[in-house]
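Here's the structure, in structure tokens; my notes come after.
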Amino acid sequence: MYKKGLHIISEFSVKDPMILKDCKKVENFLNEYILRSGLSKIGEVFYQFPDSGYTGVVCLTESHISIHTWPEFNKVTFDVFLSNYMKYNDDIAEKIHAELLSLLEATEINTTRLNR
């Protein structure tokens, strides 16, 4: 039987735009969190734009995590979708969202939670 999973779609604002130019910091955080949470990574792409922000997508057997940064606007868009097919993952999605906010010293501008 299909069990809906949590999809969090969020926009953040940061005080220090330099933190949005550090792709490796977020890439390392996500990879460590995925491993620690028992999620299954099947691929990833992170691209650091020259002297600007970055974009990253991590594909999981449970679905995906993506982040896009715009240091010139102090903005971040982020989403995490984790299915509950094999195990309940809603709490993990919430924790990834909260810990990324903390890591980036960010403030939520707009967040939507969908069960799908």
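Coordinate-derived values only; no laboratory data. Remember, predicted model here, so these are calculated numbers, not experimental data. Quick reminder, even Gly has a Cβ in these numbers, built from the backbone with ideal geometry, and neighbours come from all protein chains shown.
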Lys pairs in the chain, Cα-Cα under 27 Å, at least 8 apart or on separate chains: how many? 24
Can you find, among Thr77, Tyr47, Asn115, the residue sitting farthest towards the positive end of the charge dipole of region 24-116, where Lys and Arg contribute +1 and Asp and Glu -1 at Cβ? Asn115
Find which of Leu101, Met86, Leu20 sits farthest along the positive direction of the dipole of region 6-115, computed with +1 on the beta-carbon of Lys and Arg, -1 on that of Asp and Glu, about the Cα centre. Met86
Rounding to the nearest 20 debye, state how big the charge dipole of region 6-115 is about its Cα centre with +1 on each Lys and Arg Cβ and -1 on each Asp and Glu Cβ. 160
At 222 nm, what value in deg cm²/dmol follows for the chain if DSSP H runs of at least 4 each add -39500 (n - 2.57) and the sum is divided by all its residues, to the nearest 500? -8000 deg cm²/dmol
Around Asn115 (Cβ within 13 Å, Cβ-to-Cβ, excluding Asn115; K/R +1, D/E -1) the net charge comes to +2
What angle do you read, to the nearest 10 degrees and between 0 and 90, between the alpha-carbon axis of helix 23-37 and the longest principal axis of the chain? 20
If amide H atoms are built 1.01 Å from N in the plane of the peptide, which residues on other chains or at least 5 residues away come under 5 Å of the amide H of Glu44? Cys59
In whole Hz, with x marking every Gly and Pro, tabulate ³J(HN,Hα) for region 38-49 from phi via Karplus 6.51 cos²θ - 1.76 cosθ + 1.60, θ = phi - 60°. x, 7, 10, 7, 10, x, 7, 9, 10, 10, 8, 6
